[in-house]
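Let me begin by presenting the structure, written as structure tokens, before commenting on it.
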Amino acid sequence: MKKILLSIVSVLLISISVFAQQPQKLTSNQIYEKIQKLNFLGTALYIAAHPDDENTRLIAYLANNVKARTGYLSLTRGDGGQNLIGPEIRELLGVIRTQELLAARSIDGGEQLFTRANDFGYSKHPDETLEIWNKEAVLSDVVWAIRTFKPDVIINRFDHRTPGTTHGHHTSSAMLSVAAFDIVADSTKYPSQLKYTETWSPKRLFQNTSSWFYRGREAEFKEKTKNFTKLDVGVYYPLKGVSNNELASIASSQHLCQGFGRLTTRGSENEYLEFLKGEALKDENDIFSGINTTWNRLENGGEIGEILYDVENNFDFVNPSKHLPKLMNAYTLIEKLEDTHWRIIKEKQIKEIIEACVGLYIEASAVSSSAIPNSKIDVNFEVVNRSSFPMILTSITPTLDKKIIYKGFDLEQNKKINFKENLLIKTDDFTDPYWLKKEPSLGMYKVDNQELIGKPETPRVVKIDFNLVINYLPITITKNVVMRYAERDKGEIYEPFEVLPKVTTKLKNKVLIFSDSIAKKVSVEVRAGASYVNGKVSLKVPENWSVTPNEVSFDIAQKKDKQTVSFMVSPPKEQSEGKLEVQATIEGKTYTKELVEINYSHIPKQSVLLNSEAKVVRLNIKKEGNKIGYIKGAGDVVPESLRQIGYTVEDINPLEINGTNLLKYDAIVVGIRAYNVVDELKFKQKFLLEYVEKGGNMIVQYNTNRGVDVAAPFALELSRDRVTDEFAEVTVLDAENSLLNFPNKITSEDFKGWVQERGLYFPSSWDTAYTPVLSMHDKGETAKKGSLLIAKYGKGNYMYTGLSFFRELPAGVSGAYKLFANMLSVKKNETVAKEAAKK
């Protein structure tokens, strides 16, 4: 049994691995389940704030047990979090988390939606959240999602009645959902949306609650559950060979960049829904009770139902193709439905079933994974009919230029048809994430096209309509163009096909720090999006900065090949900040984008176009010491930032730490969340503390407080204390401390320009051996004094900091660089520091 379960789980995992772009190859069981879903006309929408907020148990239950069309509306894409699997943060992290959500939905059976809200980081109150997000704009997006998805029932993850008790984004998601429920049927609200959709009246609204929301009030929760809808979501699916909670665990494990990999679970498990608004339930254990979810819901749907219920009740698992005549009959009736919303949904569903029943394999594979706009590319086609039913491929139609290419191929049983076409990529648009095409604000992405708002990703524009006659009836099946190839160590791989610029450029660093007025060499990598590309590259620099030469030529013969060109950039003598922009010119046309490729095995490869630019900072900074040892944590780019100001930074492999090999470093820095993610550190901590005791300087950056022991030299209690307001006033507690005086004088000016937050997971209590240096707090809260602690240990210094250097240094925040340089220099001359403090 274990082997069977493992094989089924393996199939589920393969479906979202490097093979995520593969066409569906459904088993008879899966075809039957799709027929069951085809015959259920009810919709549920789950609403929360972030990737990972969704309850995959409930989504999987509704999608697989109830058979409802189930969506998850995540108000944000999780851009403000941390990344456990790589260096991507902010908008690139949002791209990863979007794809992880889609991977989760491919497992639990749901669909994915978004708003334009930008995850700006942790928020303590919905008032702050809704001010930064633009409450009206996000509310309009929630209304749009409901009007287009048309849910019968809406389920909130969080409680709208408890502001200030959890993440402000969480409460805001519930508040906006409640507000939208009341106005979504009102045609005077957001009337411009009605050009593309219509008003909608969801029947009822729930909150998905649990004992977690009643911590310390367990008796109250137990009493209230008597009036809640209770669903046992631990049901077992014989057709899948797994239970619902196993399926849900696999789905939530797709959130790998958040460290959500988890064990599967089994057995009965209850979920509770508190009724909030709408029509009362007729059956308190059926959230769709009183709602017609049969084909009779639709005008002229009864005839379709008679056909499809018969197929479901008499399904042949050995030979599903026997149902093709009835399925084709039902398809022709679905095409005639007047209800556009359900017609589109059910057409898509029944086409997938028809295709699977007859074993029809259709593929359009380009010879490359990308092309430039208005170019031509060779595409290989494969079509196989693996049934005995008559079938003809009459023609294909590329959806971009609508040019019909006639074929007239008889598709004999199991006889493969291959052919090649040279297709025109007739478009001026690129296929990068649509929400990143315009510069966002702190709280909102800018999307002008109403019909794109809410979509999880940019719709693929390079598609092929395969026009067929199946069993003497016409049907069109549309496929995305992909690229299929094989690698010896991975096997068959499918990649999405992208439309990309003719040339892109890339600066190695997004922030260029000049610690003196000496010119620096700045290199630009030029990448060709087509063969035989040549032109010129130039740099646009801020006023008072200079660059030589004015431009550099490039000439690249091979598509995807790269050439590096270099410039000398000179900063002004005084402190200055600005933007350096790269421009490539080909035949009078300017290209200003950088191509970022994100390629992890659990999600499809992503191509993102960002502005090819960097922040340049002329920083008056002093530093002592040179050689830094760095123990990397999770998604940490601090080492490169330190190299920018002249430090020699070496990565330390925790496995190689011993009692002698640390002594060569002027300081040791432990990266963010290192004690959370690097298990070896617990065995090497004694060597690190010996290094400090002998005179070393050790800096430990923030760790979460969940089950972690940083093994500090003196007692240190981590908490969830954080200061989310990046403008929060900073008070100096120890003005003479060397951290604030040597070799750089730190003043209040150095805390201006910080981004996203001051810091997080500050210690809440500590031994008297530590000296707290700074105090800060969010509005209405008590002072938080644990952001930066220093303790003398033996001859050296141990520092723990929750300040968000991992955000500030890559953002080029001058004051953060100066303070970090002081932390690295603290053991060098404390007497000099005290003298400096007196001046």
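Points worth noting:
- Any hit, region 663-670, residues being of a type outside the set (A, V, I, L, M, F, W, C) and under 23 Å from residue 763 (Cα atoms): no
- Matching entry among 180, 185 (being surrounded by 14 or more Cβ atoms within 10 Å (Cβ to Cβ) and in a helix (DSSP H, G or I)): 180
- Among the residues of region 650-689, those that are crowded, with 20+ Cβ neighbours inside 10 Å and within 30 Å of residue 520 (Cα to Cα) comprise 652, 665, 667, 668, 669, 670, 671, 672.
- Within region 240-266, if we keep just the residues that are surrounded by fewer than 15 Cβ atoms within 10 Å (Cβ to Cβ) and within 26 Å of residue 287 (Cα to Cα), the residue that is modelled with the lowest pLDDT turns out to be 265.
- Identity of the residue in region 29-58, surrounded by fewer than 23 Cβ atoms within 10 Å (Cβ to Cβ) and under 18 Å from the mean Cα position of the chain (by Cα), that ends up modelled with the lowest pLDDT: 52
- Within region 242-278, the set of residues being small (Gly, Ala, Ser), within 25 Å of residue 81 (Cα to Cα) and not in a helix (DSSP H, G or I) comprises 253, 259, 261.
- Residue 195 vs. criteria at negative phi and of a type in the set (D, E, K, R): yes
- Taken over region 177-207, the criterion of being under 15 Å from residue 149 (Cβ atoms) and in contact (Cβ under 8 Å) with a residue 60 or more places away in the chain is satisfied by 177, 181, 193, 196, 202, 203, 205.
Rundown of residues vs (1) under 37 Å from the mean Cα position of the chain (by Cα); (2) surrounded by fewer than 19 Cβ atoms within 10 Å (Cβ to Cβ); (3) modelled with pLDDT under 95, yes/no style:
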site: 691; (1), (2), (3): no, no, no
site: 700; (1), (2), (3): yes, no, no
site: 707; (1), (2), (3): yes, yes, yes
site: 711; (1), (2), (3): yes, yes, yes
site: 727; (1), (2), (3): yes, yes, yes
site: 733; (1), (2), (3): no, yes, no
site: 740; (1), (2), (3): no, no, no
site: 743; (1), (2), (3): no, no, no
site: 749; (1), (2), (3): yes, yes, yes
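- Among the candidates 159, 152, 119, 141, residue that is charged (D, E, K, R) and out of contact with any strand residue (DSSP E or B) (no Cβ under 8 Å at 6 or more places or on another chain): 119
- Checking 4, 16 one by one, the residue that is modelled with pLDDT under 95, surrounded by 24 or more Cβ atoms within 10 Å (Cβ to Cβ) and aliphatic (A, V, I, L, M) is 16 and no other.
- Taking region 590-634 and the strands (runs of 3 or more DSSP E) fully enclosed by it, the elements with 2 or more residues that are buried (at least 18 other Cβ atoms within 10 Å of the Cβ) and touching a Gly at 6+ places or on another chain (Cβ under 6 Å) are at 613-618.
Condition check ((1) over 19 Å from residue 736 (Cβ atoms); (2) charged (D, E, K, R); (3) in a strand (DSSP E or B); (4) not assigned by TED's automatic domain parsing to the domain that holds residue 714) across all residues:
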| site | (1), (2), (3), (4) |
| --- | --- |
| 754 | yes, no, no, no |
| 768 | no, no, no, no |
| 771 | no, no, yes, no |
| 775 | no, no, yes, no |
| 779 | yes, yes, no, no |
| 790 | no, no, yes, no |
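- Lone qualifier among 150, 135 - being of a type in the set (D, E, K, R), in contact (Cβ under 8 Å) with a residue 60 or more places away in the chain and either surrounded by fewer than 24 Cβ atoms within 10 Å (Cβ to Cβ) or outside the structural domain of residue 57 (by TED's automatic domain parsing) (or both): 150
- Sole residue being in contact (Cβ under 8 Å) with a residue 12 or more places away in the chain, farther than 20 Å from residue 672 by Cα and among the hydrophobic types (A, V, I, L, M, F, W, C), chosen from 608, 637: 608
- Subset of region 59-94 that is in a loop (DSSP other than H, G, I, E, B) and among the acidic types (Asp, Glu) - its residue that is surrounded by the most Cβ atoms within 10 Å (Cβ to Cβ): 79
- All strands (runs of 3 or more DSSP E) inside region 638-742 with 2 or more residues being farther than 21 Å from residue 773 by Cβ, touching a Lys or Arg at 6+ places or on another chain (Cβ under 7 Å) and of a type outside the set (A, V, I, L, M, F, W, C): 648-651
- Screening region 365-476 for strands (runs of 3 or more DSSP E) wholly inside it with 1 or more residues that are in contact with a Gly (Cβ under 7 Å, 6 or more places away or on another chain) returns the ranges 391-398.
- The listed residue being out of contact with any helix residue (DSSP H, G or I) (no Cβ under 9 Å at 6 or more places or on another chain), of a type outside the set (Ser, Thr, Tyr) and more than 20 Å from residue 822 (Cβ to Cβ), out of 561, 651: 561
- Some residue of region 483-490 being without any contact (Cβ under 8 Å) to a residue 24 or more places away in the chain and not assigned by TED's automatic domain parsing to the domain that holds residue 394: no
The values are calculated or read from the model by the stated rules, or taken from the named source; none is laboratory data. Being a predicted model, the structure only gives us computed values, none of them experimental. Positions of Cβ are backbone-derived with ideal geometry, glycine not excepted, and every protein chain shown enters the neighbour counts.
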